[in-house]
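See below for the structure under consideration.
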Amino acid sequence: MYRTLKSPISAQIEITEHCNWRCIHCYNYWRTQEARSYTTLTIEEVEKIVTELADNEVFDLTFTGGEPLLFPEQVLAGATIAKKRGMWIGLNSNLTHLTHRLAHDLKSVGFKSVLVSLCGPTPEIHEQISGREGSFKEGTRGILIALEAGLKVFVNMVTTRANQDYAYETGAYVAGLGASGFSVTRATAPGNCPNFEEDFQISREKIKEHMEILLQLELDFGYNVSVCECHPLCLIGDVKRFRHISRRGCNAGISTLAIGSKGEVRPCTHVGNSYGNILVEGLHASWLRMIEWRDGSLVPETCSLCKYFPICTGGCRMEGKNSKGSLNGMDTHATGPEDVVPPEDGWISPDRDISGYWVVNPTARLRTEDFGGIIKVTDGGRIPLNKDSYQLLTKLCERRAFTFEDVGKEFSFNPQSESSYQFLQIMLKRSIFMRP
Ligand code: SF4
Ligand code: SF4
């Protein structure tokens, strides 16, 4: 169903299981084990893991937890290697432990932005979820320190029934602080929470209301709005109207994975199944063992027959497990293809003018695969390339500017032919090519 890439394109590394918050929606909160048995990667282990990921040509690496900034030395050591090896680095944190000095160090080592959690617009709402008195003030302070250090801050609000009525107010609050973006993400059922559906899970109607609120926030404050996990297209409905949300599919085990704080290799941070240990046997063997995430075994039957599946990816597998007891169950909030409203002018429209001069996006990274290669840009997308396209893109990366007409003449293709034109439109939509 999906090609097996030689390695993932992106990875998350869970520095620690420890966290100074106890969010009701987080799998940490529900763990039955005592906090004293939580594990944390040592600096040496982090360095070994990041080196192994870089050796396997992983492009993007996000440091997460638990709360990763409880162990800043590990984050800085891993980030230093990742940047030296040309990787993009990201950080997920509640920022309550951020100091001016640490913010400066994070910026110096190469972090450009941070994804921060906030559960509500007031201490009362936020702290009944985070479980830590004072965490609203601490988190706000961390956001301001990060901004002062020149880091961009994107805030994610995970929604349960406890905070579902405060999405707009929270978005307005973080806009006032200076956040560059805001996302509202339905809580994914923690694997070991027996009463999630009855007590915490929000309804399909509420998620749709949040999608409308995100559009309103975008209009009111002019920042980026999004969701942080895959939403099924049949939940989204009008794909064109909610274009930011419909971009996000589930890539667990397909192009991404998570490394846990013992070195265990899992398809994503929410999934408990381990397929091996990177510290013991490297990355490759575990990646190959994850085949069930690529061969269609975990795709719900309705989704496997749905014409929108290649774009939708069938929702969240953990939501499937939550609703049907199995990873190949239907996403809790999915209904079926009849509820998808496809864009009336096509999936890659509106067509863009391909005349004039272009450059390859300066953030583009390429790597070979047995079918040709892959190109990926930061904040854009990734595209698989056949061998000819891979060679062409490699050459274009070296050029300062070009027209598609000249490139067509040089490499013997007609940019206006249907297949070439379609390919160029996809490349433009994914921001692979830009105006100089
Ligand atoms: S039926 Fe499945 S693949 Fe189709 S839109 Fe819904 S979740 Fe996506
Ligand atoms: S399984 Fe769910 S939580 Fe994991 S990557 Fe997919 S959509 Fe995200």
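The values are calculated or read from the model by the stated rules, or taken from the named source; none is laboratory data. For clarity, every value in this text was computed on a predicted model and none was experimentally measured. Ideal geometry is used to build each Cβ from the backbone, glycine not excepted, and the neighbour counts take in all protein chains shown. Note: accessible area is taken over every heavy atom of the protein model, side chains too, but ligands, DNA and RNA are not part of it. Shrake-Rupley method; radii C 1.70, N 1.55, O 1.52, S 1.80 Å.
Things to note:
- Region 81-99 - residue that is part of a helix (DSSP H, G or I) and touching a helix residue (DSSP H, G or I) at 6+ places or on another chain (Cβ under 6 Å) and, of those, nearest to residue 158 (Cα to Cα): 82
- Consider region 298-348 and keep the residues that are of a type in the set (S, T, N, Q) and in contact (Cβ under 8 Å) with a residue 12 or more places away in the chain. The one that is nearest to residue 384 (Cα to Cα) is 313.
- Scope region 62-80; condition open to solvent by 10 Å² or more (accessible area, probe 1.4 Å) and part of a helix (DSSP H, G or I); matching residues: 70, 72, 73, 74, 76, 77, 80
- The residue that is nearest to residue 200 (Cα to Cα), among those in region 321-345 that are near ligand 1 (Cβ under 8 Å from one of its atoms) and either of a type in the set (Asp, Glu) or in contact with a strand residue (DSSP E or B) (Cβ under 8 Å, 6 or more places away or on another chain) (or both), is 331.
- Scope region 134-185; condition assigned to a strand (DSSP E or B) and of a type in the set (A, V, I, L, M); matching residues: 153, 155, 157, 158, 184
- Filter result for residue 264 (away from ligand 1 (no atom under 16 Å from the Cβ) and open to solvent by 60 Å² or more (accessible area, probe 1.4 Å)): no
- Condition met for residue 58 (more than 21 Å from residue 142 (Cα to Cα) and either open to solvent by 10 Å² or more (accessible area, probe 1.4 Å) or assigned to a loop (DSSP other than H, G, I, E, B) (or both)): yes
- Only one of 371, 404 that is away from ligand 1 (no atom under 16 Å from the Cβ), outside the structural domain of residue 249 (by TED's automatic domain parsing) and surrounded by fewer than 18 Cβ atoms within 10 Å (Cβ to Cβ): 371
- Number of positions in region 225-254 that are among the hydroxyl-bearing types (Ser, Thr, Tyr) and either touching a His at 6+ places or on another chain (Cβ under 7 Å) or modelled with pLDDT of 95 or more (or both): 1
- Only a single criterion out of (1) closer than 22 Å to residue 97 by Cβ; (2) under 20 Å from the mean Cα position of the chain (by Cα); (3) at pLDDT 95 or above; (4) open to solvent by less than 20 Å² (accessible area, probe 1.4 Å) is not satisfied by residue 11, namely (1).
- Residues that are away from ligand 2 (no atom under 11 Å from the Cβ), open to solvent by less than 40 Å² (accessible area, probe 1.4 Å) and not hydroxyl-bearing (Ser, Thr, Tyr), drawn from region 321-342: 329, 330, 333, 334, 336, 340
- Here residue 410 does not fit the description of being among the acidic types (Asp, Glu) and in contact (Cβ under 8 Å) with a residue 60 or more places away in the chain.
- Checking each residue in region 216-261 for being more than 9 Å from ligand 2 (Cβ to nearest atom) and among the small types (Gly, Ala, Ser) picks out 222, 226, 237, 246, 255, 260, 261.
- Among the residues of region 114-133, just one is assigned to a strand (DSSP E or B) and touching a Phe, Trp or Tyr at 6+ places or on another chain (Cβ under 6 Å), namely 115.
- Those residues of region 160-185 which are open to solvent by less than 10 Å² (accessible area, probe 1.4 Å) and in contact with a strand residue (DSSP E or B) (Cβ under 6 Å, 6 or more places away or on another chain), in sequence order: 167, 170, 171, 174, 181, 182, 183, 184, 185
- Residues in region 267-320 that are open to solvent by 20 Å² or more (accessible area, probe 1.4 Å) and polar (S, T, N, Q) were compared, and the one that is nearest to ligand 1 (Cβ to nearest atom) is 302.
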